[in-house]
Amino acid sequence: MSDARHVLVLPDRDAAEEVAEALTERFGVPEEPQLVRDALAGEDDAEDAQWLVVVEDPDGRYDAHRLDALAAEHEGWRERE
């Protein structure tokens with residue numbers, strides 16, 4: 001599976017930063033995951049933004065179930081692409 005990526009959706013920036021740190025510590029992700037602010041459709045208020053943690057996984061090294069569990073620990077989820 002080439003060009004694979006995992007997108008974890010988190011409720012706020014703090015949760016996204018904690019997940020990014022955990023990915024480095026628990027999963028050994030070599031590069032800091034990308035954090036992306038994602039405003040909800042039709043919402044202009046910054047409070048209504050989700051944060052995405054994007055993990056590149058071209059070799060399929062990261063277990064999807066463990067990523068699901070990590071996101072869930074922080075009230076988030078993993079998008080299935």
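Y62 falls short on exactly one of the conditions (1) in contact with a His (Cβ under 7 Å, 6 or more places away or on another chain); (2) outside any strand (DSSP E or B); (3) modelled with pLDDT of 95 or more, and that condition is (3). Among residues of the stretch 45-58 being more than 15 Å from P33 (Cα to Cα) and modelled with pLDDT under 90, the one that is most open to solvent (accessible area, probe 1.4 Å) is E47.
The values are calculated or read from the model by the stated rules, or taken from the named source; none is laboratory data. Treat the numbers as computed from the prediction; the structure is a model and nothing was measured. Every residue, glycine among them, receives a Cβ derived from its backbone with ideal geometry; neighbour counts consider all protein chains shown. Side chains are part of the model used for accessible areas, which takes the heavy atoms of the whole protein and leaves out ligands, DNA and RNA. Shrake-Rupley method; radii C 1.70, N 1.55, O 1.52, S 1.80 Å.
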